[in-house]
Structures are given as structure tokens and as C-alpha cells.
Amino acid sequence: MDKKESLLKKDYYEDCPGCKMDRQKELQRGLPIKQVLTIWIIVLATALTISSLFPFLYFMIRDFHIAKREEDIGYYAGYIGSSYMLGRALTSVMWGAIADRFGRKPVIIIGSATVVVFNTLFGLSTNFWMAISMRFLLGSLNGLLGPIKAYASEVVREEYQSVGLSAVSTAWGTGLIIGPALGGFLAQPAEKYPAIFASNSIFGRFPYFLPCLIISLFALLVTIACFWIPETLHTHNSEKISSQISYDALESASLRSNDKVDLKEGSEKTCKESLIKNWPLMSSILVYCVFSLHDMAYTEIFSLWAVSPKKLGGLSYSTQDVGEVLAISGLGLLVFQSSLYPLVEKIIGPIMVSRIAGIVSIPLLTSYHYIGMLSGIALSVVLNCASLVKNVLSISIVTGLFILQNRAVEQHQRGAANGIAMTLMSLFKAAGPAGGGVLFSWAEKREGAHFLPGDQMVFFVLNIIELVGVLTTFKPFLVERRQ
């Protein structure tokens, strides 16, 4: 049977955009580079906003004059840092239901447009409450992550679904690297580049507007381009799926590759119950949440520690210095992820990768206090090396646990499993910056303490969280599903 005959055999609906997309997929030949690149760019526009603020957040809080003492800056920085993830955790289910009822394309367009509006307004924030509100709205109104994973599975043929999903994770990681670098290099431009930006210009009055504006302009181009992307939702099935069911089916590639989806409430409850009772899945998600809490707290604390003054145990770095460190770490991370990690994981397995990376992270974090005692070129070289290794270890842990989650369930359950993981992870990631900011602020007030003074207490607590994560990678807590 040739291609045309096979297409005629299929039950297609002429007015259904999902069916039209299926017909286009049947005619695809070779790797769908255009579709993968489109997914990568859309996700990058959103990911850039997540951590671009961390290099300059300390100075932004200082300029708001809300902190009575310099030691209190970290306390307020933590709440701004966590507001995005809190908003995302509260609305991810709602956006999943909307995407399954009205289509992936509208949610993707709204999410990209949200970046344009609220990221720009965040850069123009004049006080603490405006900044935290803009970040919260940015997180709650940008429900793009779940639908874009479903879109990545649906817009390509089944044999390329792994490529589409890997484009999502790669773009997300790239954004978390490039974002802080942009924030570090472009914040306070009137001070860094006075020949280009005058002190009485808008960039002088709003010193943190430029990095937000650059990201928002990129997101604007992405938003406009998204009007021409194809819709992949099968609309002739939408009336059969309740809003409660739709979110769990949202990211499932296998459910979306079928022409007809007929889910019942009873089977949905059974699916949820089976996932909750699936200990290999739930244990990997819980371990993932512990390490996510540590990673977000570390990201917040590292930037605060680097830019805080020497008298409070910091490095007295500028935003540009922090941007340089994060850019170098990001470049090394991309090289490791694309070349060395697959080889290491194949040799020793994902659990052992996560366990060893967690163990090595503990003495590395302990050394940060002593790295802060260095100065000049020695400080720059050692700090860049330590930051690079720490980021490589962190991403190795998360990647290993993500592999375990996918292996713990059958393909038709991965959408629901991913929804559970994303909701829990967002809650833990929201707690990370808030807890990290409070911890850092408290530690700065006890520089003269006899037991773990100043930043030693900060890195000690981070190591405790890391140790808990390492201990949970052992049996009987973490169990790998037998293939």
C-alpha cells in the first residue's frame, strides 16, 4: 500500500486542525527540523525570564529601599524570586484544561504575549510590591510549559517524538543559562556603558529595564510568529473530554496520536490511583523535588552571595561579574550535556549518576566559604571552575531522575505522570528562592557567631538538603522499575 492509499484509509475530519496536522505528519520525510526549531524558540522565549533577574535582584531590592538593613535584602529578594514559580504552580492545571479544550496554539500565544507584557513591566518596577506582582502574574498567566510538551509530541511523527520533547528540555536549560548572563551584562547600563546610555535616559532611571526589554522584544517576535504555527488538537474529540480529564491527557503523546480519544471518569480515577501507587514513579518524583528545592535555593543564594559586600561575607561582585561566571558555567554545561552525559549514564545508570553527583556536591559547596577568602585572578579562576562543576552536577542529578520518571510508567501514562511531577516540582521550586533568601538574610546577621558564622551556615543548610536528597537515592526509598 502506497502513501496516498494509506492516507485515504484513515478516518480524517476535514474541519479538524488535528487531523490536518496528522495528514501533514504522514507526508514528513526525515528529521522535522523546522518543527523542532520552532518548539525550541518558543520555549526559549519563556525560559529566559525564569532566572534572568537573579544577578541584579540584590541591587533592585536595595534600590527599592524596602530593606531597613543591608542584611535584610536577601529576605525580600527571596520572595520576588519565588513568586514566579508560585504563580505557575497555582495555574498549571487550569492552563492544561484550557489547552485541551480550545487548543494548544491559543495557550502558546497567550503565554508568549504574557512574557512581553509582564516581563517589561517588571523591568519598570518602581517598588517591591509592583515587582513581586509582575513576577507572580508572569508565572500564573504563562501556562506554556505543559501545552508545549503536548504540542512537541503532536507536531511530529511518532518516531520523532523524543526529538521534539528533547527540544523542550534543551531550550529550557539554555534559557536558564542565557537568561542570567543577559541579566548580569545588561543591568545598570548607564553605569557600565555611559558612552551609550545616558544617566538621564529611561535606562538610567530604570537600571534593570534593558535586560527585560531585550527578552520581551524577542518574546514579541515569537508571539507574532506563533500565529502561523499549526494547531494540533483534534477538535472533534474535545466535547467528549471533561476539563478534569483533559489536563491529565494534555502531555500524553500516545493519546494525542490516536484519532479518537474516549476517556471515562472511572478509567481516569483508576489511572490516577495506579500512578499514585506506582512507587518507582512517586519515589523518583519526590527525590526530584528535593533536589529541585536545593537547586533553586542555590541559584538564589549564589547570586546574592556573589554581589553582597565583603564585610558581610560576600564577594562584592558586580552584576556583570556574576553574568560572566554564569555564562562560562552555561557554556561548559551545554558541552557536557551534549557529549559526556549520555556516555556516563549509559555506563553507570541514572541512579548512580544522581547519587555520585549529589555526594560530590557536598564538599564542593563546603569549599565556597574558603573560595570567598581568595582575591584577584585566583578568585576568578577557582570560582568559575567551582560554579561550572556545581551546575554540571546539578543538571546530571535532574536529568537522571527525569529518565527514571519516564521509565517508571507506560507511554500512555507519561502525560499524567508528567503533570504530577510538574505541579509538585513547581511548589518546591517556589519554596527554594523564598527559603534561600530568608536563610541568606539571617546568616548575614550572624557574622560574629561562634558556630558556623555567616555564609558557612548558608552552605551548611544547602548541604543538609543535598544530603537528604542523596540518602533518598538508596533503596528502599528510590526504586527503579524493572524493564
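The values are calculated or read from the model by the stated rules, or taken from the named source; none is laboratory data. Fair warning: this is a prediction, and the values are worked out from it, not measured in the lab. Positions of Cβ are backbone-derived with ideal geometry, glycine not excepted, and every protein chain shown enters the neighbour counts. Note: accessible area is taken over every heavy atom of the protein model, side chains too, but ligands, DNA and RNA are not part of it. Shrake-Rupley method; radii C 1.70, N 1.55, O 1.52, S 1.80 Å.
Values as computed for the structure displayed
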read-out	value
Fraction of the pair-distance distribution of the stretch 275-372 above 19 Å, Cα-Cα pairs, percent	59
Label-point gap, in nm, between LEU334 and GLU158 - each point 7 angstrom along Cα→Cβ	3.5
Bins of 10 Å, starting at 0 and running to the largest distance - Cα pair percent for the stretch 356-474	11, 33, 34, 15, 6, 1
Too-long pairs where the Cα-Cα distance tops 32 Å, listed order kept, from LYS149/LYS346; LYS310/LYS346; LYS445/LYS475; LYS34/LYS475; LYS105/LYS429	LYS310/LYS346; LYS445/LYS475; LYS34/LYS475
Cβ crowding within 10 Å averaged over residues, with 375-382, 211-218, 364-371 ranked highest first	211-218, 364-371, 375-382
C-alpha center-to-center spacing [the stretch 191-233, the stretch 314-331] in angstrom	21
Efficiency of FRET between ARG446 and LYS311 - r from beta-carbon atoms, R0 22 angstrom, step 0.05	0.95
Surface accessible to a 1.4 Å probe, per residue, for the residues of the stretch 63-132, Å²	40
Area accessible to solvent at LEU331, 1.4 Å probe radius, in Å²	110
The stretch 97-139 - Kirkwood radius from inverse mean 1/r over Cα pairs (Å)	11.2
Extension reserve of the ILE276-LEU90 stretch, reckoned as 0.36 nm per residue once the Cα distance is removed	64.9 nm
Virtual spin-label span in nm between ARG205 and ILE33, 7 Å along Cα→Cβ	4.7
Heavy-atom accessible surface of the stretch 326-483: percent carbon and sulfur, 1.4 Å	73
Per residue accessible area in Å² of the stretch 418-483, where ligands, DNA and RNA are left out and the probe is 1.4 Å	48
Stretch gain in nm, segment VAL117-LEU221, where the contour uses 0.36 nm per residue and the Cα spacing is subtracted	36.1 nm
Length gained when the stretch VAL468-SER367 is fully extended (0.36 nm per residue, less Cα-Cα span)	34.4 nm
Mean shadow area of the stretch 122-194 over all directions, Cα convex hull, nm²	6.6
Accessible-area order (highest first, 1.4 angstrom probe) of the listed residues TRP305, TRP172, TRP228, TRP442	TRP228, TRP442, TRP172, TRP305
Those residues of the stretch 294-338 whose amide nitrogen sits under 17 Å from the label point placed on LEU379, 7 Å along Cα→Cβ	302-326
By accessible area with a 1.4 Å probe, ligands and nucleic acids excluded, highest first: order of PHE477, PHE102	PHE102, PHE477
Heavy-atom accessible area order for GLU71, GLU480, GLU444, largest first, 1.4 Å probe	GLU480, GLU71, GLU444
Cα pair distances of the stretch 328-401 binned at 5 Å [whole percent]	3, 16, 24, 22, 17, 9, 6, 2, 0
